[in-house]
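Quick notes on the structure that follows.
The values are calculated or read from the model by the stated rules, or taken from the named source; none is laboratory data. On a predicted model such as this, the values are computed, not experimentally measured, just so you know. Note that each Cβ is placed from the backbone with ideal geometry, even for glycine, and that neighbours are counted across all protein chains shown. With ligands, DNA and RNA removed, areas are computed over all heavy atoms of the protein, side chains included. Shrake-Rupley method; radii C 1.70, N 1.55, O 1.52, S 1.80 Å.
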Amino acid sequence: MKLTLGVAAHVDAGKTTLCEQMLRHAGVLRRCGRVDHGDAFMDASPLERARGITIFCEQASFDLDSGDGEAVCVTLMDTPGHVDFAGEMERVLCVIDAALLVVSCAEGVQSHTVTLFRMLARRGIPTLFFLNKTDREGADVARVMGQMKRLLSGDCVLMAQADDALREELAARDGELLERHFDGTAQRADYLRAARRCVAARALFPVFAGSALCDTGVDALMQGIAALCRTDYGRRRDDPFCAQVYRVRRAEGARLTYVKLTQGRLSARETIDTPEGPRKVDAIYAVQGTKLSVVQALEAGETGAVAGLEARPGEHLGADVGRTAPELVPVMSVEVEPQPPLTRHALLAHLRELEEEDPLLQVRAQEGALHVGVMGEVQIEVLASVLKARFGDGVRLLPPRVLYKETIAAPVVGAGHYEPLRHYAEVWLRLSPGEPGSGIVFETACLPNTLELNWKRLIGTHVLEREHPGVLTGSPLTDVRVTLIAGRAHLKHTEGGDFREATYRAIRNAMMQAENVLLEPTIRFELAMPQETLARVTGELLRMGAQMDAPVCEEDEVSLAGECTAAAFWDFPTRFAAMTRGYGRLSSRFARYAPCRDQAAAVAECGYQPMADEANPPGSVFCSHGAGFYVAWDHVREWAHCAQEAQEALAALEG
């Protein structure tokens with residue numbers, strides 16, 4: 001049986017130390033490395049060893065005995081615990097079969113633990129727990145179990161208790177077992193099967209306890225993993241090939257794409273379907289930490305590194321080719337300035353390479369500046385270190401800024417025309433406000449027989465193929481319905497690229513006329529703190545302009561939830577820890593994009609000049625006497641060729 005197990009935790013819970021012990025018990029390591037000694041097997045990057053935290057996901061495989069004669073091949077994935085690198089962890093969640101959440105028995109359930117548990121719940125991933133650091137002063141298993149039942153799930157069950165109590169817990173959660181439990185006919189195998197069903201259905205969260213550093217409780221944990229986690233990849237080996245990309249890395253100059261096969265088989269030199277079209281697999285490698293070994297094939301349930309593909313994390317390969325949108329999104333960005341002799345062109349190429357590995361960087365080149373999306377302050381520091389270590393790039397990172405988006409408040413029509421010599425295309429588009437969070441939606445409402453179907457489809461492709469910058473701050477346009485109402489091609493001179501130019505100009509032309517709205521990201525937060533700190537924290541949140549729900553008091557703790565702008569919330573976690581003297585818990589996530597509270601100030605601060613953006617002209621190109629000439633955006637309609645068809649289509653659409 002193949003099992004991919006992801007290990008996750010709040011930072012400093014002892015996750016990497018536990019992984020080291022598990023690998024030693026399984027015979028992969030002769031001795032355990034330590035994070036604080038800088039020699040952990042799963043934290044091999046110099047950056048990780050210097051900082052003492054996990055930044056990149058690493059993996060290793062080993063075999064376990066399930067106890068009933070079935071061998072379990074476990075692929076262990078050690079994920080980052082720091083919230084700034086949650087994107088790396090999220091990509092791993094897409095390919096794991098079960099998760100092991102590590103909780104410090106000294107600190108208890110912390111903010112990121114709650115966030116991780118909810119991410120696992122949304123994906124329906126079976127989850128086990130290990131209460132670590134039971135040897136530490138102040139560790140209290142009963143207290144932490146109470147927290148887990150209250151903050152995570154009432155189905156968290158400590159496995160180190162009397163057999164009768166465990167049987168009662170299982171019978172209460174499994175209908176098949178309940179009757180046999182009460183009439184006394186249930187055997188040990190019945191309870192084990194029930195436990196497996198409950199774990200798979202997330203009706204049971206087994207909890208093990210011990211100390212990874214002192215090597216206590218690790219054997220019981222590994223036995224529990226082998227006994228309770230089940231997959232069915234053996235039945236999928238003969239199905240059509242499907243795989244998901246979860247990581248991109250470069251090793252000795254070669255680009256490697258890390259994949260998890262969900263069904264079928266993949267062989268070296270085979271051609272497979274990708275979002276970019278058919279691609280040939282040059283080689284396949286098994287992964288053990290940072291060591292790669294050549295293999296000829298992978299089967300369903302296995303992971304490996306593949307050479308020859310240009311796929312990106314989140315993409316699906318094979319029969320279910322496509323892409324999964326990330327749940328996490330950056331809400332802030334930093335401008336990266338090259339320091340001489342580094343050129344902007346070279347820096348952009350290096351940032352694009354890093355973006356292939358981490359799509360959440362969302363690299364943007366705008367008005368001569370390079371911007372990347374970031375999740376937190378630590379990630380900013382690591383980004384500079386990675387650029388220096390990998391490419392030798394010296395850079396300066398400016399203070400973080402909000403990642404805005406733009407939309408429109410009312411319908412508007414734009415026209416785009418592109419007619420230099422021997423080229424021709426004209427496009428008329430109606431832009432109207434869409435539902436919040438809907439992105440860009442395309443539809444066509446041309447009058448019959450005015451434009452061939454292939455041109456209509458091509459225009460739709462150009463509408464959706466890129467982010468269109470707004471005219472307030474140059475931020476991406478979103479939540480807009482784009483309707484094609486008219487267009488024209490030339491029998492001899494129209495090429496595909498002509499409609500791209502005309503489409504881009506039509507969108508830009510419409511936005512120059514529109515009632516534009518700037519959108520800013522908001523954060524949904526959940527706080528838990530000692531009651532005596534509530535007044536101070538509430539006052540700080542009010543100062544930040546946060547909207548709060550009514551506080552909920554429970555014993556000597558109070559919980560508070562609400563929403564706040566991302567800009568105001570950026571450094572709040574640090575202040576919150578100080579205000580609660582480290583006893584508070586904070587969980588936050590991106591909520592939505594909402595109209596900016598002070599649009600005029602934000603636009604002025606950005607200083608974007610839409611007419612100076614030469615890469616996104618709002619005007620059009622017409623032809624006269626054998627030469628093309630530029631027409632400003634506010635005069636395009638005077639020269640356009642399809643105004644009558646556009647008016648008729650618009651009347652039919654609105655009537």
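Here residue 595 fulfils each of the conditions (1) at pLDDT 95 or above; (2) surrounded by fewer than 16 Cβ atoms within 10 Å (Cβ to Cβ); (3) closer than 28 Å to residue 434 by Cα; (4) in contact with a Ser or Thr (Cβ under 8 Å, 6 or more places away or on another chain) apart from (4).
Considering (1) modelled with pLDDT under 95; (2) in a helix (DSSP H, G or I); (3) crowded, with 17+ Cβ neighbours inside 10 Å; (4) of a type in the set (A, V, I, L, M), the lone condition that residue 578 does not fulfil carries the number (3). Selection of the stretch 178-194 for residues being closer than 22 Å to residue 67 by Cα and under 41 Å from the mean Cα position of the chain (by Cα) yields 189, 190, 191, 192, 193, 194. Contact annotation: residue pairs with Cβ atoms under 8 Å, 6 or more positions apart or on different chains, pairing a residue in the stretch 248-268 that is farther than 19 Å from residue 360 by Cα and in contact (Cβ under 8 Å) with a residue 12 or more places away in the chain with a partner that is of a type in the set (S, T, N, Q) and buried (at least 19 other Cβ atoms within 10 Å of the Cβ), are 260/4; 260/244; 260/303; 261/303; 262/244.
Number of residues in the stretch 119-142 that are assigned to a helix (DSSP H, G or I) and modelled with pLDDT under 90 equals 1. Against the test of being hydroxyl-bearing (Ser, Thr, Tyr) and either over 30 Å from residue 597 (Cα atoms) or without any contact (Cβ under 8 Å) to a residue 60 or more places away in the chain (or both), the options 404, 418 yield a single qualifying residue, 418. Look at the stretch 492-509: where a residue is without any contact (Cβ under 8 Å) to a residue 12 or more places away in the chain and assigned to a loop (DSSP other than H, G, I, E, B) and a partner is open to solvent by 10 Å² or more (accessible area, probe 1.4 Å) and not small (Gly, Ala, Ser), sitting 6+ places away or on another chain with Cβ atoms under 9 Å, you get 492/422; 492/424. Within the stretch 296-331, the set of residues being surrounded by fewer than 19 Cβ atoms within 10 Å (Cβ to Cβ) and in a strand (DSSP E or B) comprises 297, 299, 307, 322, 323.
Whenever a residue of the stretch 58-87 is within 22 Å of residue 196 (Cβ to Cβ) and at pLDDT below 90, its partners that are part of a strand (DSSP E or B) and of a type in the set (A, V, I, L, M), lying with C-beta atoms within less than 6 angstrom and at least six residues away or across chains, give the pairs 66/72.
Residue pairs whose Cβ atoms lie under 7 Å apart, separated by 6 or more positions or on different chains, with the first residue in the stretch 139-165 and open to solvent by less than 30 Å² (accessible area, probe 1.4 Å) and the second in a loop (DSSP other than H, G, I, E, B) and not β-branched (Val, Ile, Thr), are 144/105; 144/108; 147/108; 157/204.
Checking every residue in the stretch 523-544 against the condition of being within 27 Å of the chain's Cα centre (by Cα) and without any contact (Cβ under 8 Å) to a residue 24 or more places away in the chain gives zero matches.
Here is the figure for the stretch 1-27: residues that are open to solvent by 50 Å² or more (accessible area, probe 1.4 Å), in a loop (DSSP other than H, G, I, E, B) and at pLDDT 90 or above total 1. In this entry, residue 106 is excluded by the filter for residues that are open to solvent by 20 Å² or more (accessible area, probe 1.4 Å), among the aliphatic types (A, V, I, L, M), touching a Cys at 6+ places or on another chain (Cβ under 6 Å) and under 27 Å from residue 24 (Cα atoms). Can you find a residue that is closer than 16 Å to residue 503 by Cα and basic (Lys, Arg) anywhere in the stretch 597-604? Within the stretch 597-604, not a single residue is closer than 16 Å to residue 503 by Cα and basic (Lys, Arg). Of all residues in the stretch 360-378, which are in contact with a helix residue (DSSP H, G or I) (Cβ under 6 Å, 6 or more places away or on another chain) and in a loop (DSSP other than H, G, I, E, B)? 363, 375, 376 - these are the residues of the stretch 360-378 that are in contact with a helix residue (DSSP H, G or I) (Cβ under 6 Å, 6 or more places away or on another chain) and in a loop (DSSP other than H, G, I, E, B). Assess whether residue 251 counts as being under 25 Å from residue 28 (Cβ atoms), open to solvent by less than 30 Å² (accessible area, probe 1.4 Å) and small (Gly, Ala, Ser). So residue 251 fails the test.
Within the set 397, 429, the sole residue that is closer than 26 Å to residue 366 by Cα, of a type outside the set (D, E, K, R) and open to solvent by less than 40 Å² (accessible area, probe 1.4 Å) turns out to be 429. Taking each residue of the stretch 545-569 that is over 22 Å from residue 332 (Cα atoms) and free of Cβ contacts under 8 Å to residues at least 24 places away in the same chain and looking for partners that are assigned to a strand (DSSP E or B) and β-branched (Val, Ile, Thr) with beta-carbon atoms closer than 6 Å, six or more apart or interchain, yields 551/558.
Selection of the stretch 173-201 for residues being surrounded by 16 or more Cβ atoms within 10 Å (Cβ to Cβ), more than 25 Å from residue 218 (Cβ to Cβ) and of a type in the set (Gly, Ala, Ser) yields 186, 194.
For every residue, the table says whether it meets (1) farther than 30 Å from residue 612 by Cα; (2) open to solvent by less than 30 Å² (accessible area, probe 1.4 Å).
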position	(1), (2)
499	no, yes
512	no, no
516	no, yes
521	no, yes
529	yes, yes
532	yes, no
535	yes, no
555	yes, no
560	yes, yes
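Of the set (1) open to solvent by 60 Å² or more (accessible area, probe 1.4 Å); (2) farther than 29 Å from residue 121 by Cβ; (3) out of contact with any helix residue (DSSP H, G or I) (no Cβ under 8 Å at 6 or more places or on another chain), all apply to residue 272 but (1).
If you go through the stretch 440-476 and keep only what is under 26 Å from residue 366 (Cα atoms), part of a loop (DSSP other than H, G, I, E, B) and either among the polar types (S, T, N, Q) or modelled with pLDDT under 95 (or both), you end up with 465, 466, 467, 473, 474, 475. Among the criteria (1) at pLDDT below 90; (2) touching a strand residue (DSSP E or B) at 6+ places or on another chain (Cβ under 9 Å); (3) hydrophobic (A, V, I, L, M, F, W, C), the one residue 363 does not fulfil is (1).
The residue list 607, 628 contains one member that is modelled with pLDDT under 95, of a type outside the set (Ser, Thr, Tyr) and on the phi > 0 side of the Ramachandran plot, which is 607.
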